[in-house]
Amino acid sequence: MPGALDIALAQLTPAVRDTAKNLGTITRLVEENADADLIIFPELFLGGYTTREPEELALDLDGPEVESLAGAAREHSTAVILGAPERLIEGISNSAICVDERGEIAGSYRKTHLFGDERGVFVAGNELLVLELGGLKAGLMICFDVEFPEVARSLALAGADLLVTISANMDPFGRDHDVFATARALENGLPHLYVNQVGHGEAFTFAGGSMAVSADGDRLAEAGTSGEAVARLRLDTAVGNPARPKELKPDYLRERRGMLPVDAPRVPEQR
(Lines give C-alpha, C1' and ligand atoms only; values in the text may rest on other atoms or scores of the structure.)
Protein backbone atom coordinates (compact mmCIF):
# COMPACT_ATOMS: atom_id res chain seq x y z
CA MET A 1 0.00 0.00 0.00
CA PRO A 2 1.02 3.66 -0.43
CA GLY A 3 2.21 5.85 2.46
CA ALA A 4 0.59 7.96 5.16
CA LEU A 5 -2.06 10.68 5.44
CA ASP A 6 -2.86 13.26 8.09
CA ILE A 7 -6.64 13.06 8.50
CA ALA A 8 -9.33 15.10 10.25
CA LEU A 9 -12.71 13.52 11.07
CA ALA A 10 -15.24 16.36 11.51
CA GLN A 11 -18.06 15.11 13.75
CA LEU A 12 -20.48 18.06 13.68
CA THR A 13 -24.08 19.21 14.02
CA PRO A 14 -25.07 21.01 10.81
CA ALA A 15 -27.61 23.83 10.69
CA VAL A 16 -30.67 22.27 9.03
CA ARG A 17 -31.58 23.96 5.74
CA ASP A 18 -28.83 26.60 6.12
CA THR A 19 -26.36 25.84 3.36
CA ALA A 20 -24.52 29.17 3.70
CA LYS A 21 -23.84 28.64 7.41
CA ASN A 22 -22.68 25.05 6.90
CA LEU A 23 -20.44 26.07 4.00
CA GLY A 24 -18.89 28.66 6.29
CA THR A 25 -18.24 25.95 8.87
CA ILE A 26 -16.58 23.78 6.25
CA THR A 27 -14.34 26.60 5.02
CA ARG A 28 -13.34 27.50 8.58
CA LEU A 29 -12.48 23.93 9.52
CA VAL A 30 -10.45 23.38 6.37
CA GLU A 31 -8.45 26.48 7.32
CA GLU A 32 -8.09 25.40 10.97
CA ASN A 33 -6.89 21.95 9.85
CA ALA A 34 -4.70 23.19 7.00
CA ASP A 35 -2.00 20.69 7.95
CA ALA A 36 -4.40 17.79 7.20
CA ASP A 37 -4.17 15.92 3.90
CA LEU A 38 -7.86 14.97 4.11
CA ILE A 39 -10.84 16.27 6.08
CA ILE A 40 -14.15 14.37 6.10
CA PHE A 41 -17.61 15.76 6.90
CA PRO A 42 -20.80 13.72 7.63
CA GLU A 43 -23.66 12.63 5.39
CA LEU A 44 -25.85 15.47 4.00
CA PHE A 45 -23.85 17.96 6.05
CA LEU A 46 -24.13 20.84 3.62
CA GLY A 47 -27.90 21.27 4.04
CA GLY A 48 -28.40 19.30 7.23
CA TYR A 49 -30.11 15.92 7.29
CA THR A 50 -33.64 16.38 5.95
CA THR A 51 -35.95 14.49 3.63
CA ARG A 52 -38.23 17.50 3.20
CA GLU A 53 -38.01 19.22 -0.19
CA PRO A 54 -34.35 18.37 -0.84
CA GLU A 55 -34.57 20.01 -4.26
CA GLU A 56 -34.39 23.35 -2.45
CA LEU A 57 -30.98 22.39 -1.04
CA ALA A 58 -29.54 20.41 -3.95
CA LEU A 59 -26.30 21.53 -5.57
CA ASP A 60 -24.69 21.04 -8.95
CA LEU A 61 -21.11 19.84 -9.21
CA ASP A 62 -20.31 22.91 -11.30
CA GLY A 63 -22.19 25.25 -8.93
CA PRO A 64 -20.93 27.93 -6.52
CA GLU A 65 -20.98 25.72 -3.41
CA VAL A 66 -18.55 23.20 -4.87
CA GLU A 67 -16.42 26.01 -6.31
CA SER A 68 -16.15 27.55 -2.83
CA LEU A 69 -15.22 24.16 -1.40
CA ALA A 70 -12.67 23.63 -4.16
CA GLY A 71 -11.11 27.01 -3.46
CA ALA A 72 -10.58 26.16 0.22
CA ALA A 73 -9.14 22.75 -0.67
CA ARG A 74 -6.79 24.30 -3.22
CA GLU A 75 -5.62 27.06 -0.90
CA HIS A 76 -4.69 24.66 1.90
CA SER A 77 -3.77 21.57 -0.19
CA THR A 78 -6.36 19.58 1.73
CA ALA A 79 -8.70 17.04 0.13
CA VAL A 80 -12.33 17.18 1.31
CA ILE A 81 -15.16 14.64 1.42
CA LEU A 82 -18.56 16.21 2.01
CA GLY A 83 -22.14 14.92 2.21
CA ALA A 84 -24.71 16.90 0.21
CA PRO A 85 -27.86 16.49 -1.89
CA GLU A 86 -26.79 16.53 -5.53
CA ARG A 87 -29.01 17.52 -8.45
CA LEU A 88 -29.11 14.96 -11.28
CA ILE A 89 -31.22 14.66 -14.42
CA GLU A 90 -33.21 11.83 -12.86
CA GLY A 91 -33.69 13.51 -9.47
CA ILE A 92 -31.77 14.31 -6.27
CA SER A 93 -29.10 11.96 -4.93
CA ASN A 94 -27.66 11.65 -1.44
CA SER A 95 -24.02 12.12 -2.40
CA ALA A 96 -20.49 12.13 -1.06
CA ILE A 97 -18.71 14.84 -3.03
CA CYS A 98 -14.94 14.54 -3.12
CA VAL A 99 -12.53 17.36 -3.93
CA ASP A 100 -8.81 16.58 -4.08
CA GLU A 101 -5.94 18.59 -2.66
CA ARG A 102 -5.60 20.51 -5.95
CA GLY A 103 -9.19 21.72 -5.69
CA GLU A 104 -10.40 19.45 -8.47
CA ILE A 105 -13.51 17.29 -8.26
CA ALA A 106 -12.25 13.75 -7.75
CA GLY A 107 -15.70 12.21 -7.93
CA SER A 108 -19.19 12.00 -6.47
CA TYR A 109 -20.53 8.82 -4.92
CA ARG A 110 -24.33 8.48 -4.87
CA LYS A 111 -25.68 6.44 -1.95
CA THR A 112 -26.78 3.04 -3.21
CA HIS A 113 -28.74 1.83 -0.15
CA LEU A 114 -31.32 4.42 0.86
CA PHE A 115 -32.85 4.27 4.34
CA GLY A 116 -36.42 4.91 5.46
CA ASP A 117 -37.96 8.12 4.12
CA GLU A 118 -34.91 8.70 1.90
CA ARG A 119 -36.42 6.22 -0.57
CA GLY A 120 -39.24 8.62 -1.32
CA VAL A 121 -37.12 11.69 -2.05
CA PHE A 122 -33.70 10.57 -3.28
CA VAL A 123 -32.70 8.44 -6.26
CA ALA A 124 -30.42 5.54 -5.40
CA GLY A 125 -27.01 5.29 -7.01
CA ASN A 126 -26.31 2.22 -9.12
CA GLU A 127 -22.54 1.94 -8.85
CA LEU A 128 -19.81 2.04 -6.24
CA LEU A 129 -16.80 4.34 -6.37
CA VAL A 130 -13.10 4.06 -5.62
CA LEU A 131 -11.11 7.24 -6.15
CA GLU A 132 -7.65 8.58 -5.35
CA LEU A 133 -7.21 11.15 -2.61
CA GLY A 134 -3.77 12.06 -1.31
CA GLY A 135 -2.16 9.12 -3.06
CA LEU A 136 -4.51 6.53 -1.53
CA LYS A 137 -7.47 4.82 -3.19
CA ALA A 138 -10.56 5.42 -1.07
CA GLY A 139 -13.68 3.27 -1.32
CA LEU A 140 -16.74 5.33 -0.35
CA MET A 141 -19.89 4.43 1.54
CA ILE A 142 -22.77 6.46 3.00
CA CYS A 143 -24.45 5.44 6.28
CA PHE A 144 -26.83 2.51 5.51
CA ASP A 145 -24.33 1.20 2.93
CA VAL A 146 -22.00 0.13 5.74
CA GLU A 147 -24.60 -2.32 7.01
CA PHE A 148 -24.22 -4.49 3.89
CA PRO A 149 -20.93 -6.44 3.96
CA GLU A 150 -20.93 -6.90 0.18
CA VAL A 151 -20.54 -3.14 -0.38
CA ALA A 152 -17.24 -2.86 1.48
CA ARG A 153 -16.09 -6.21 0.07
CA SER A 154 -16.73 -4.99 -3.49
CA LEU A 155 -14.70 -1.84 -2.80
CA ALA A 156 -11.86 -3.91 -1.37
CA LEU A 157 -11.86 -6.22 -4.39
CA ALA A 158 -11.81 -3.15 -6.65
CA GLY A 159 -8.46 -2.11 -5.15
CA ALA A 160 -9.35 0.32 -2.35
CA ASP A 161 -6.54 1.12 0.12
CA LEU A 162 -9.00 2.32 2.74
CA LEU A 163 -12.74 2.57 3.37
CA VAL A 164 -14.51 5.87 4.09
CA THR A 165 -18.07 6.10 5.42
CA ILE A 166 -19.93 9.36 5.96
CA SER A 167 -23.05 8.97 8.05
CA ALA A 168 -26.13 10.47 9.69
CA ASN A 169 -26.82 7.53 11.98
CA MET A 170 -29.30 8.29 14.74
CA ASP A 171 -30.05 7.05 18.24
CA PRO A 172 -30.64 4.33 19.26
CA PHE A 173 -28.54 2.73 16.50
CA GLY A 174 -25.10 4.03 17.45
CA ARG A 175 -23.94 0.62 18.65
CA ASP A 176 -24.89 -0.92 15.30
CA HIS A 177 -22.47 1.28 13.39
CA ASP A 178 -19.78 0.89 16.03
CA VAL A 179 -19.85 -2.82 15.25
CA PHE A 180 -20.30 -2.48 11.48
CA ALA A 181 -17.48 0.05 11.06
CA THR A 182 -15.06 -2.21 12.90
CA ALA A 183 -16.22 -5.37 11.15
CA ARG A 184 -15.89 -3.84 7.66
CA ALA A 185 -12.27 -2.91 8.43
CA LEU A 186 -11.29 -6.24 9.94
CA GLU A 187 -13.00 -8.52 7.42
CA ASN A 188 -11.45 -6.68 4.45
CA GLY A 189 -8.03 -5.94 5.94
CA LEU A 190 -8.45 -2.21 5.26
CA PRO A 191 -8.44 0.91 7.47
CA HIS A 192 -11.87 2.46 7.83
CA LEU A 193 -12.69 6.12 8.44
CA TYR A 194 -16.23 6.59 9.77
CA VAL A 195 -17.66 10.11 10.28
CA ASN A 196 -21.14 10.64 11.74
CA GLN A 197 -23.34 13.60 12.60
CA VAL A 198 -23.97 14.33 16.28
CA GLY A 199 -26.62 16.22 18.25
CA HIS A 200 -30.21 17.21 17.49
CA GLY A 201 -31.40 17.54 13.91
CA GLU A 202 -34.74 18.14 12.23
CA ALA A 203 -36.25 14.80 13.25
CA PHE A 204 -33.49 12.73 14.87
CA THR A 205 -30.77 12.87 17.49
CA PHE A 206 -27.59 11.66 15.85
CA ALA A 207 -25.31 9.19 17.58
CA GLY A 208 -21.81 10.52 16.86
CA GLY A 209 -19.24 7.78 17.39
CA SER A 210 -16.95 8.90 14.56
CA MET A 211 -13.82 6.80 14.46
CA ALA A 212 -10.81 5.58 12.57
CA VAL A 213 -10.30 1.82 12.65
CA SER A 214 -7.11 0.10 11.54
CA ALA A 215 -6.95 -2.89 9.19
CA ASP A 216 -6.45 -4.98 12.34
CA GLY A 217 -9.67 -3.66 13.90
CA ASP A 218 -7.88 -1.38 16.38
CA ARG A 219 -9.35 2.05 17.26
CA LEU A 220 -6.88 4.66 16.00
CA ALA A 221 -8.95 7.77 16.80
CA GLU A 222 -12.47 8.56 17.96
CA ALA A 223 -14.65 11.61 18.54
CA GLY A 224 -16.95 10.18 21.22
CA THR A 225 -20.73 10.41 21.34
CA SER A 226 -21.39 13.48 23.50
CA GLY A 227 -20.82 16.39 21.12
CA GLU A 228 -18.99 18.04 18.27
CA ALA A 229 -15.32 17.20 17.83
CA VAL A 230 -12.64 17.00 15.19
CA ALA A 231 -10.61 13.83 15.66
CA ARG A 232 -7.12 13.90 14.14
CA LEU A 233 -4.84 11.03 13.24
CA ARG A 234 -1.94 10.10 11.02
CA LEU A 235 -2.88 7.00 9.08
CA ASP A 236 0.00 4.90 7.82
CA THR A 237 -1.41 2.01 5.82
CA ALA A 238 1.91 0.17 5.98
CA VAL A 239 1.93 -0.08 9.78
CA GLY A 240 0.05 -2.88 11.50
CA ASN A 241 -0.44 -4.10 15.06
CA PRO A 242 2.74 -5.97 16.09
CA ALA A 243 0.62 -8.15 18.36
CA ARG A 244 -1.10 -9.52 15.23
CA PRO A 245 1.74 -10.93 13.08
CA LYS A 246 1.07 -10.75 9.36
CA GLU A 247 1.96 -14.39 8.91
CA LEU A 248 -0.90 -15.39 11.23
CA LYS A 249 -3.49 -12.87 10.09
CA PRO A 250 -6.01 -14.30 7.61
CA ASP A 251 -6.09 -12.68 4.16
CA TYR A 252 -9.85 -12.86 3.70
CA LEU A 253 -9.80 -11.48 0.17
CA ARG A 254 -7.34 -14.15 -0.98
CA GLU A 255 -8.78 -17.05 1.02
CA ARG A 256 -12.47 -16.48 0.30
CA ARG A 257 -14.17 -19.08 -1.89
CA GLY A 258 -16.85 -16.79 -3.27
CA MET A 259 -20.51 -17.73 -3.43
CA LEU A 260 -21.05 -21.42 -2.77
CA PRO A 261 -24.25 -23.32 -3.65
CA VAL A 262 -26.75 -24.02 -0.92
CA ASP A 263 -28.08 -27.57 -1.05
CA ALA A 264 -31.67 -28.41 -0.30
CA PRO A 265 -32.02 -30.26 3.02
CA ARG A 266 -31.56 -33.95 2.62
CA VAL A 267 -34.28 -36.16 4.07
CA PRO A 268 -33.00 -39.50 5.40
CA GLU A 269 -34.31 -42.45 3.48
CA GLN A 270 -37.04 -44.45 5.22
CA ARG A 271 -36.23 -48.06 5.93
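Highest-first packing order for the peptide set 101-111, 234-244, 189-199 is 189-199, 101-111, 234-244, based on the mean count of other beta carbon atoms within 10 Å. Against the chain, whose longest principal axis is taken from its Cα atoms, helix 64-76 shows a tilt of about 80°.
Pairs of Cα atoms nearer than 8 Å and 6+ residues apart set the relative contact order; for the chain it is 19 percent. As a fraction of the 1.4 Å probe accessible area of the chain, surface on carbon and sulfur atoms comes out at 50 percent.
Using every pair of distinct Cα positions in segment 161-250, the Kirkwood expression returns a hydrodynamic radius of 13.6 angstrom.
Evaluate the relative contact order of segment 51-200 (contact order divided by residue number), counting alpha-carbon pairs under 8 angstrom at least 6 apart; express in whole percent.
Working: 286 pairs, mean separation 23.3, N = 150.
Rounded, it is 16 percent for segment 51-200.
Which loop GluC sites (Glu not before Pro) in segment 185-250, with loop taken from DSSP, have no more than 16 other Cβ atoms within 10 angstrom of their Cβ? Answer by residue number: Glu202, Glu228, Glu247.
Computed over protein heavy atoms with a 1.4 Å probe, the accessible surface of the chain works out to 48 Å² per residue. Determine the sum of side-chain charges near Leu133: Lys and Arg each +1, Asp and Glu each -1, restricted to other residues whose C-beta is under 12 angstrom from that of Leu133. Taking every Cβ under 12 Å from that of Leu133, the sum is -4.
What is the gain in length, in nm to one decimal, between Thr205 and Asp35 on full extension, counting 0.36 nm per residue of separation less the C-alpha to C-alpha distance?
58.1 nm is the gain from fully extending Thr205 to Asp35.
Computed about the Cα centre, the dipole magnitude for the chain is approximately 920 debye when only Lys and Arg (+1) and Asp and Glu (-1) carry charge, each at its Cβ.
Counting alpha carbon pairs within less than 8 Å and at least 6 residues apart, what relative contact order, in whole percent, applies to segment 145-271? Could you put the intermediate results ahead of the total?
Values: 189 pairs, mean separation 24.1, N = 127.
Result for segment 145-271 is 19 percent.
Charges were assigned to the Cβ only: +1 to each Lys and Arg, -1 to each Asp and Glu. The resulting dipole of segment 127-182 about its Cα centre is roughly 140 debye.
So what's the net charge close to Val80: Lys and Arg +1, Asp and Glu -1, counting the other residues with Cβ under 10 Å from its Cβ?
Values: positive: none; negative: Asp100, Glu101.
Charge balance in the 10 Å sphere: -2.
When the P(r) of segment 73-209 is calculated, the portion above 19 Å amounts to 51% of the C-alpha pairs.
Toward the positive end of the charge dipole of the chain, with +1 on the Cβ of Lys and Arg and -1 on the Cβ of Asp and Glu, the farthest Cα among His177, Thr205, Leu140 is that of His177. Model label sites at Leu157 and Asp60, defined 7 Å from Cα along the beta-carbon direction, differ in position by 3.8 nm. Placing unit charges on the Cβ atoms of the charged side chains and taking the dipole of the chain about its Cα centre, the candidate lying farthest along the positive direction among Leu248, Tyr49, Leu157 is Leu248. When the alpha-carbon atoms of segment 12-128 are used, the pair Rg, Dmax equals 13.5, 40 angstrom.
Once you charge only the Cβ atoms, +1 for Lys and Arg and -1 for Asp and Glu, what is the size of the charge dipole of segment 1-153 about its Cα centre, to the nearest 20 debye? Show your work: numbers first, answer last.
Numbers: 12 positive and 27 negative charges, 49 e Å.
Computed charge dipole of segment 1-153: roughly 240 debye.
Between beta-carbons, use under 13 Å as the cut-off and find the net charge around Ala203, counting Lys and Arg +1, Asp and Glu -1. Net charge around Ala203: -2.
The values are calculated or read from the model by the stated rules, or taken from the named source; none is laboratory data. Being a predicted model, the structure only gives us computed values, none of them experimental. Cβ atoms come from the backbone with ideal geometry, glycine included; neighbour counts cover every protein chain shown. In case anyone asks, the SASA skips ligands and DNA or RNA and just uses the protein heavy atoms, side chains included. Shrake-Rupley method; radii C 1.70, N 1.55, O 1.52, S 1.80 Å.
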